[in-house]
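Below you'll find the structure, written out as structure tokens, and then a few comments.
The values are calculated or read from the model by the stated rules, or taken from the named source; none is laboratory data. Being a predicted model, the structure only gives us computed values, none of them experimental. Using ideal geometry, Cβ is built from the backbone for each residue, glycine included, and neighbour counts are taken over all protein chains shown. Accessible surface areas use protein heavy atoms only, side chains included; no ligands, DNA or RNA. Shrake-Rupley method; radii C 1.70, N 1.55, O 1.52, S 1.80 Å.
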Amino acid sequence: MNEKRPQCAVCNLGGHLVDELITETDDTRAVIVVVRQVPTQVCDRCGTTTLTDEVAEELARLADAQQGNAVSGTVVVDFDQRQIAAAG
Ligand SMILES: [Zn+2]
């Protein structure tokens, strides 16, 4: 592959960012929102996880949207499908 990986801005180890799907949990609101399959970039050297601004905004939007769907508890959402997998 000739694709050039962006370099890690955090470490000075020459790490490169690789695409990875992670699970993000937002527990700062009444309803805890767990978002699966969140696209991130992880440094292959220091392990720092970087969310793009777009993804971070979408996560905040998802967390906000779920506040109206349940009074409390935990909601699990897939980032891509925006589907509620479980609530309780
Ligand atoms: Zn790094």
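Taking Gln66 as meeting all but one of (1) under 13 Å from the mean Cα position of the chain (by Cα); (2) surrounded by 13 or more Cβ atoms within 10 Å (Cβ to Cβ), write down the number of the exception. Just one mismatch for Gln66, condition (1). One residue stands out in segment 29-57 among those that are assigned to a strand (DSSP E or B) and of a type in the set (A, V, I, L, M): the one that is nearest to the chain's Cα centre (by Cα), namely Val38. For segment 47-63, a residue qualifies if it is open to solvent by less than 50 Å² (accessible area, probe 1.4 Å) and of a type in the set (Asp, Glu), and exactly one does: Glu58. With respect to being within 11 Å of the ligand (Cβ to nearest atom), open to solvent by less than 70 Å² (accessible area, probe 1.4 Å) and aliphatic (A, V, I, L, M), Val42 fits the description.
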